[in-house]
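What follows is a set of notes on a single structure, which appears directly below.
The values are calculated or read from the model by the stated rules, or taken from the named source; none is laboratory data. Model, not experiment: these values are computed from the prediction. Here the Cβ is made from the backbone with ideal geometry for all residues, glycine too, and neighbour counts use every protein chain on show. Just the protein is used for accessible areas: all its heavy atoms, side chains included, with ligands, DNA and RNA removed. Shrake-Rupley method; radii C 1.70, N 1.55, O 1.52, S 1.80 Å.
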Amino acid sequence: MDGSDIYKAANSIRLGSLRVGSSSRASSLRNGSTSVWRNSGMDAFSKSVREEDDEEALKWASLEKLPTFDRLKKGLLFGSTGPSNEVDVDNLGPDDRRRILDRLVKTADEDNEGFLLKLRNRLDRVGIELPTIEVKYEHVTVEADVNTGSRALPSFINFHIELVEVLLGLFHLLPNSKRHITILDDVSGVVKPKRMTLLLGPPSSGKTSLLLAMAGTLAKELKCSGKVTYNGHELHEFVPERTSAYISQNDVHIGEMTVRETLAFSARCQGVGSRYDMLAELSRRERDANIKPDPDLDIFMKAAATEGQEANVVTDYTLKLLGLDICADTMVGDQMIRGISGGQRKRVTTGEMIVGPSKVLLMDEISTGLDSSTTFQIVKSLKQFIHILEGTAVISLLQPAPETYDLFDDIVLLTDGKIVYQGPREHVLEFFESVGFKCPERKGVADFLQEVTSKKDQQQYWMRRDMPYRFVTAKEFAEAYQSFHVGRKLATDLATPYDKSKSHPAALTTEKYGLNKKELLKACTDREILLMKRNSFVYFFKLFQLIVMAFISMTVFFRTEMHKRTLTDGGFYNGAAFFGVTLLMFNGMSEISMTIAKLPVFYKQRNFLFYPSWAYAIPSWIMKIPVSFVEAAVWTILTYYVMGFDPNVTRFFKYFFILMLVNQMSSGLFRFIGALGRNMIVANTFGSFGLLLVFALGGFILSRDDIKGWWIWGYWASPMIENVLAYNKLVAELEEMVTRMVFETYGVEKYLDAHRKMVTYLCRGMKYRPPVENETNMGFVPHTDKDFITVLHQNGVNGLEVKARDGEWFSVELVPSSYIVMSGDAAMAWSNERLYSPFHRVTMNGKESRYSIAQFSFLEGIIETPKEFVDEEHPLLYKPFDHLKYLDFYNKEENRRLECAIRTYCGV
């Protein structure tokens with residue numbers, strides 16, 4: 001079994017231990033962890049020299065008897081006074097964490113090294129070897145094709161020219177007019193573990209590209225060749241984004257979150273890595289060797305290895321380490337929100353990545369905005385971490401102070417895409433003296449290295465006065481370095497392949513994300529809830545705006561002034577419904593700005609594999625559902641009955657549900673537009689255009705007949721098919737009025753309420769085209785409706801024919817503003833044939849198409865003939881029947897040819 005398989009096995013043991021009993025957990029961890037955490041050769045059975053009183057010894061003995069899984073959750077916590085208490089690390093409070101951290105690291109610049117040494121000594125006592133990573137890059141070349149001059153400006157014209165050039169370039173119809181530049185030119189090197197490496201170079205020398213190449217996150221638009229390996233493994237063999245931590249020089253954070261919340265979310269998403277497996281093996285070996293660790297250190301390590309708690313204890317430690325504890329509960333801030341200073345924001349960027357379990361740190365210009373003292377303190381803390389815990393670090397600094405420069409072990413000097421020097425800091429001046437350049441005594445070495453390759457400043461450092469000076473290029477420096485003894489040693493290291501068998505199984509991360517899907521979704525959901533609370537003013541203001549507009553609308557569309565007599569009256573109801581839908585749509589437009597504000601953070605954290613896109617998008621949608629519910633409920637409750645809409649409670653809830661869906665649709669639409677535009681100007685332009693399309697093609701401003709054929713797709717795609725919504729309401733009222741007339745005419749109005757509770761509707765639009773040559777003019781075959789009551793409306797093209805009781809067919813001439821009401825089979829059976837279900841058909845004779853829309857009413861339940869319809873003259877003709885089952889009966893092919901399907905189905 002190779003190292004990666006062992007590592008996967010160890011992880012599966014840890015995950016599996018969460019699902020089985022305590023005893024099996026302990027044995028599984030003991031069996032699996034020994035192969036992962038190697039013995040460094042030290043005496044694993046050296047006795048603890050720590051003296052303890054009897055009471056503490058008894059408490060510790062009780063902890064040692066627990067199964068491994070439970071033992072890793074328990075610890076002894078000393079209060080400010082009094083004896084120690086047994087605590088569960090999952091339940092550590094803020095005060096407990098603060099006391100533990102104060103005892104371990106009282107002052108970051110004084111106590112951090114002692115804390116790390118204490119942690120390392122605990123591991124060394126039982127012979128646990130820490131994972132180390134050697135990063136090797138060989139013949140790495142990065143190139144790009146870019147526009148220059150005015151063509152590089154992001155203008156409207158340049159965008160379309162670029163689009164045309166790309167399309168023509170795909171077919172090799174147009175030569176490439178872009179300028180070809182080389183960012184990195186065949187660079188090679190090795191970054192050793194346990195050594196601090198300083199990356200120096202003037203601006204535009206390729207430092208960021210080199211760090212991105214080592215992190216495996218170079219932009220896809222760049223042309224990259226060469227090879228980068230971690231412990232001999234190429235980037236495709238593991239997950240480099242989680243094995244290394246690239247710290248950008250751009251400070252991209254959510255301004256509404258505090259410093260502590262920002263780091264805690266990062267720690268939570270990155271997970272604990274291999275800490276849990278290491279701690280399980282450490283605990284087992286200490287128990288076998290009868291070693292009792294320091295209680296505070298023990299609780300700290302257990303909390304740092306526990307998912308959920310690592311977002312607290314490691315966050316607190318990182319805050320203290322970076323000097324951010326004084327502003328931990330201050331908002332990060334942005335251009336519109338006052339927050340922390342620029343230097344503190346830069347430290348937040350650093351802390352966001354080092355708070356995770358990554359073993360390789362690639363830090364790009366972390367000193368921007370920091371004073372030299374703060375930079376020195378941060379670099380000093382990082383050096384202690386790298387040297388003591390055997391990490392790997394490459395740190396890019398522009399102009400480090402001399403005391404900061406002296407903290408580094410190795411120097412990489414990059415100029416014009418070439419590595420001029422890479423090796424120990426002690427030999428860098430020796431190299432430049434060998435090619436004729438000397439650093440003055442009172443000159444900072446870092447400043448000298450930045451200037452010695454510059455054409456403007458190089459001459460002042462020329463030391464060979466007996467020889468004429470000439471400018472030495474970066475290429476010549478690189479060639480001279482190859483013959484220098486440090487360069488020859490580096491060439492030997494590059495030629496020697498890394499022995500993969502020596503790579504620690506836990507060194508390289510093979511899992512794409514630090515948490516499982518459920519925990520990732522929970523983490524993103526918690527953050528979304530937090531941001532909604534911070535942006536609560538927006539949601540309360542939207543609700544206040546909705547209430548104000550509701551009261552204005554109620555005065556405009558007041559029910560005492562809203563009649564139901566003519567088609568014009570129906571237009572008023574149509575307008576009232578349209579205004580409500582429009583307002584709910586506009587209320588979702590605030591999503592554009594909130595989405596764009598969070599996009600840079602989303603892209604950064606997604607690329608660093610904090611979470612997948614779906615884990616970010618789903619909470620953004622789910623958390624907006626209650627907002628849509630409240631907004632739609634407030635509008636519906638305030639306006640529905642005041643405006644005089646149908647009082648049926650079912651339609652009230654349908655209206656509310658439609659408005660809620662429209663609000664959800666608009667929120668999703670504007671989030672999509674914001675994500676697509678990525679810029680407020682572009683997003684607002686597209687958002688306004690999208691609203692214009694939805695309104696214009698929704699069926700209210702332009703009727704369906706006025707919409708051009710090539711735009712008809714927008715009519716059906718629009719969520720505001722307002723004419724259908726208005727038609728359903730108006731026709732439902734007409735159907736209800738006709739039904740009431742029928743019930744009252746026959747004296748059975750006592751059954752009306754029960755009947756109304758059973759009614760459901762189906763609305764259907766139909767088109768009948770004119771016949772073509774050699775085609776009959778029959779548009780629809782003769783049939784009866786299978787519903788209870790049908791309300792039919794058509795355009796100006798006639799064609800409906802109805803068969804009377806005497807068997808004669810007659811044409812029905814309708815104007816567009818009128819309706820026809822017909823009873824169906826269910827009404828005929830219910831009335832014991834007092835009502836007639838007529839046969840009808842459609843014939844087409846002209847050259848215009850006929851459009852009609854019909855609303856069918858069905859009854860959910862058993863239909864039974866009232867006793868008032870049965871007497872000696874009218875004996876019972878139909879048995880009670882289920883209306884919906886009758887439809888299933890009729891839908892069978894053999895039953896469609898029946899003369900009267902209802903009599904066959906339930907006739908007496």
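Side notes on the structure shown:
- Only listed residue being surrounded by 23 or more Cβ atoms within 10 Å (Cβ to Cβ) and either at pLDDT below 90 or not small (Gly, Ala, Ser) (or both), chosen from PRO424, PRO400: PRO400
- Candidates VAL642, VAL630, VAL581: the one that is assigned to a helix (DSSP H, G or I), open to solvent by 20 Å² or more (accessible area, probe 1.4 Å) and of a type in the set (Val, Ile, Thr) is VAL630.
- Residue in region 380-393 that is touching a Lys or Arg at 6+ places or on another chain (Cβ under 8 Å), buried (at least 18 other Cβ atoms within 10 Å of the Cβ), of a type outside the set (S, T, N, Q) and under 17 Å from PRO202 (Cβ atoms) present: no
- Scan of region 116-161 for residues that are open to solvent by less than 50 Å² (accessible area, probe 1.4 Å) and part of a helix (DSSP H, G or I), ordered by number: LEU116, LEU119, ARG120, ARG122, LEU123, ASP124, ASN158
- Every residue from region 162-184 that is open to solvent by less than 80 Å² (accessible area, probe 1.4 Å), more than 22 Å from CYS224 (Cα to Cα) and over 33 Å from the mean Cα position of the chain (by Cα): GLU165, LEU168, LEU174
- Filter pass, ASP364 being surrounded by fewer than 23 Cβ atoms within 10 Å (Cβ to Cβ) and out of contact with any Pro (no Cβ under 9 Å at 6 or more places or on another chain): yes
- Enumeration of residues in region 231-242 that are under 26 Å from SER367 (Cβ atoms) and either of a type in the set (A, V, I, L, M, F, W, C) or open to solvent by less than 20 Å² (accessible area, probe 1.4 Å) (or both): PRO240
- Residue list for region 245-270, filter: farther than 18 Å from ILE366 by Cβ and either modelled with pLDDT under 90 or assigned to a helix (DSSP H, G or I) (or both): ARG260, GLU261, ALA264, PHE265, ALA267, ARG268, CYS269, GLN270
- Only one of the numbered conditions (1) open to solvent by less than 10 Å² (accessible area, probe 1.4 Å); (2) over 21 Å from LEU530 (Cα atoms) is violated by LEU319, and that is (2).
- Within region 302-345, being at pLDDT below 90, within 25 Å of the chain's Cα centre (by Cα) and not polar (S, T, N, Q) holds for GLU307, GLY308, GLU310, ALA311, VAL314, ASP334, MET336, ILE337.
- Candidates THR229, THR217: the one that is in contact with a Lys or Arg (Cβ under 6 Å, 6 or more places away or on another chain), closer than 21 Å to ASN607 by Cα and of a type in the set (Val, Ile, Thr) is THR229.
- Residue that is in contact with a helix residue (DSSP H, G or I) (Cβ under 6 Å, 6 or more places away or on another chain) and part of a helix (DSSP H, G or I), where the choices are LEU490, LEU494, LEU531, LEU520: LEU520
- Candidate set: region 878-893, residues that are more than 49 Å from the chain's Cα centre (by Cα) and open to solvent by 100 Å² or more (accessible area, probe 1.4 Å); chosen: the one modelled with the lowest pLDDT: GLU893
- Pick from region 482-530, criterion farther than 30 Å from ARG425 by Cα and polar (S, T, N, Q), ranking: least open to solvent (accessible area, probe 1.4 Å): THR509
- Residues in region 798-821 that are closer than 18 Å to SER849 by Cα and surrounded by 13 or more Cβ atoms within 10 Å (Cβ to Cβ): 6 in all.
- Filter result for ALA245 (touching a residue at least 12 places away in the same chain (Cβ under 8 Å) and buried (at least 23 other Cβ atoms within 10 Å of the Cβ)): yes
- Selected residue [open to solvent by 80 Å² or more (accessible area, probe 1.4 Å) and in contact with a strand residue (DSSP E or B) (Cβ under 7 Å, 6 or more places away or on another chain)] from LYS455, LYS475: LYS475
- A residue that is touching a strand residue (DSSP E or B) at 6+ places or on another chain (Cβ under 7 Å), open to solvent by 80 Å² or more (accessible area, probe 1.4 Å) and closer than 18 Å to ALA304 by Cα cannot be found anywhere in region 103-115.
- Some residue of region 820-832 being modelled with pLDDT under 85 and among the acidic types (Asp, Glu): no
- Members of region 849-875 that are over 49 Å from the mean Cα position of the chain (by Cα), open to solvent by 80 Å² or more (accessible area, probe 1.4 Å) and not basic (Lys, Arg): ILE862, GLU864, GLU872, GLU873
For (1) without any contact (Cβ under 8 Å) to a residue 12 or more places away in the chain; (2) closer than 20 Å to GLY444 by Cβ, each residue gets a yes or a no:
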{"site": "ASP325", "(1), (2)": "yes, no"}
{"site": "ASP329", "(1), (2)": "no, no"}
{"site": "ARG347", "(1), (2)": "no, no"}
{"site": "LYS359", "(1), (2)": "no, no"}
{"site": "ILE366", "(1), (2)": "no, yes"}
{"site": "SER373", "(1), (2)": "yes, yes"}
{"site": "PHE376", "(1), (2)": "no, yes"}
{"site": "LEU382", "(1), (2)": "no, no"}
{"site": "ALA393", "(1), (2)": "no, no"}
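- Filter result (touching a residue at least 12 places away in the same chain (Cβ under 8 Å), open to solvent by 10 Å² or more (accessible area, probe 1.4 Å) and of a type outside the set (S, T, N, Q)) within region 214-228: GLY216, LEU218, GLU221, LEU222, LYS223, CYS224, GLY226, LYS227, VAL228
- Given (1) in contact with a Gly (Cβ under 9 Å, 6 or more places away or on another chain); (2) farther than 23 Å from GLU426 by Cα, number of the condition LEU389 does not satisfy: (1)
- Verdict on ILE618 being surrounded by fewer than 17 Cβ atoms within 10 Å (Cβ to Cβ), β-branched (Val, Ile, Thr) and under 12 Å from the mean Cα position of the chain (by Cα): yes
- Residue in region 678-687 that is of a type in the set (Phe, Trp, Tyr), open to solvent by less than 60 Å² (accessible area, probe 1.4 Å), touching a residue at least 12 places away in the same chain (Cβ under 8 Å) and part of a helix (DSSP H, G or I) present: no
- Cβ pairs under 9 Å, 6+ apart, first in region 98-118 and basic (Lys, Arg), second buried (at least 17 other Cβ atoms within 10 Å of the Cβ) and assigned to a helix (DSSP H, G or I): ARG98/ASP316; ARG99/ASP296; ARG103/ASP296; LYS118/LEU104; LYS118/LEU297
- Cβ-Cβ contacts under 7 Å between residues 6 or more apart (or on different chains), taken from a first residue in region 496-508 that is more than 13 Å from GLU237 (Cβ to Cβ) to a second residue that is assigned to a loop (DSSP other than H, G, I, E, B) and of a type in the set (Gly, Ala, Ser), are listed as PRO497/GLY232; ALA506/SER274.
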